[in-house]
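Novice: Before anything else, here's the structure in question.
The values are calculated or read from the model by the stated rules, or taken from the named source; none is laboratory data. All figures in this text were calculated on a predicted structure; none of them were measured in a lab. Note: ideal-geometry Cβ built from the backbone for every residue, glycine included; neighbour counts use all protein chains shown. All accessible areas refer to the heavy atoms of the entire protein, side chains included, with ligands and DNA or RNA removed. Shrake-Rupley method; radii C 1.70, N 1.55, O 1.52, S 1.80 Å.
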Amino acid sequence: MDTTLNGMNIAILVTDGFEQVEFTGPRDALLQQGASTKVISEKHGKIQGFHHDTKGDQFDVDLTFSEADPKDFDGVVLPGGVMNGDHIRIIPEAQRFVQQMDDDGKPIAAICHGGWLLVSARLVEGRTMTSWPTLQDDIRNAGGNWIDQEVVVDGNLVTSRKPDDIPAFNNKVVDLLFQRFAGSVRGTRDEQTGIGLAG
């Protein structure tokens with residue numbers, strides 16, 4: 001049995017101000033398993049990572065939101081960071097990207113403030129998820145079920161709270177992609193809801 005993610009293409013959606021370790025941790029875990037990753041943002045050039053409130057490194061953008069086609073990707077990762085999370089949530093093309101991924105039942109992995117985009121894209125109603133604690137009211141007000149747990153899996157959705165949760169987050173993201181790769185996760189999101197709940 002093939003135990004790598006060779007041939008899988010994963011989108012990472014970010015704007016300036018993302019929490020760097022929530023980008024590099026999942027990206028490196030995916031690359032280690034043989035997946036390809038593409039950094040997608042609002043404009044070409046470089047995006048600025050942060051270590052909490054201190055500037056970190058800059059990273060190259062592969063595609064813009066308007067160029068990226070969700071059909072070309074097998075999953076999407078949404079790193080956190082307050083500035084990134086607050087800005088990306090109001091970008092219509094970013095909302096449409098995650099909506100299409102969700103419609104297709106593809107894995108969506110959001111950590112920390114990354115869940116804000118899912119709220120604004122109206123994707124949390126009826127879903128069980130976690131996030132940075134300050135998002136819990138937004139998630140509940142949008143019809144979601146917020147719980148305080150290091151990682152939560154609900155169908156095609158994987159969520160975590162903070163950088164300390166990255167190892168557990170990475171494991172669940174890779175596991176869900178393996179399931180999809182093996183063909184055991186099929187169908188629309190509605191058919192998948194509840195798979196692996198409270199992962």
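Per-residue answers, yes or no, for (1) small (Gly, Ala, Ser); (2) open to solvent by less than 50 Å² (accessible area, probe 1.4 Å); (3) modelled with pLDDT of 95 or more; (4) on the phi > 0 side of the Ramachandran plot:
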site	(1), (2), (3), (4)
Lys106	no, yes, yes, no
Leu118	no, yes, yes, no
Gly143	yes, yes, yes, yes
Gln149	no, no, yes, no
Asp154	no, yes, yes, no
Gly183	yes, yes, no, yes
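Novice: Name the pairs whose Cβ atoms lie under 6 Å apart, with the first residue in the range 99-126 and more than 12 Å from Asp86 (Cβ to Cβ), the second of a type in the set (S, T, N, Q) and open to solvent by 20 Å² or more (accessible area, probe 1.4 Å), and 6 or more positions between them or separate chains?
Specialist: What qualifies is Gly105/Thr188; Ala121/Gln95; Ala121/Gln99.
Novice: So Asp53 passes all but one of these: (1) over 22 Å from Asn9 (Cα atoms); (2) open to solvent by 10 Å² or more (accessible area, probe 1.4 Å); (3) at pLDDT 95 or above. Which condition number does it fail?
Specialist: Result: Asp53 fails condition (3) only.
Novice: For residues that are crowded, with 22+ Cβ neighbours inside 10 Å and under 10 Å from Cys112 (Cα atoms), scanning just the range 131-141, find the one that is nearest to the chain's Cα centre (by Cα).
Specialist: Ser131
Novice: On the basis of being touching a strand residue (DSSP E or B) at 6+ places or on another chain (Cβ under 9 Å), of a type outside the set (A, V, I, L, M, F, W, C) and at positive phi, does Gly81 make the cut?
Specialist: When the stated conditions are applied, Gly81 passes them.
Novice: List pairs: first in the range 35-55 and without any contact (Cβ under 8 Å) to a residue 12 or more places away in the chain, second assigned to a strand (DSSP E or B), Cβ under 7 Å, 6+ apart or cross-chain?
Specialist: Cβ pairs passing all conditions: Lys55/Gln48.
Novice: Filter the range 125-143 down to residues that are hydroxyl-bearing (Ser, Thr, Tyr) and in a loop (DSSP other than H, G, I, E, B), then give me how many there are.
Specialist: 2
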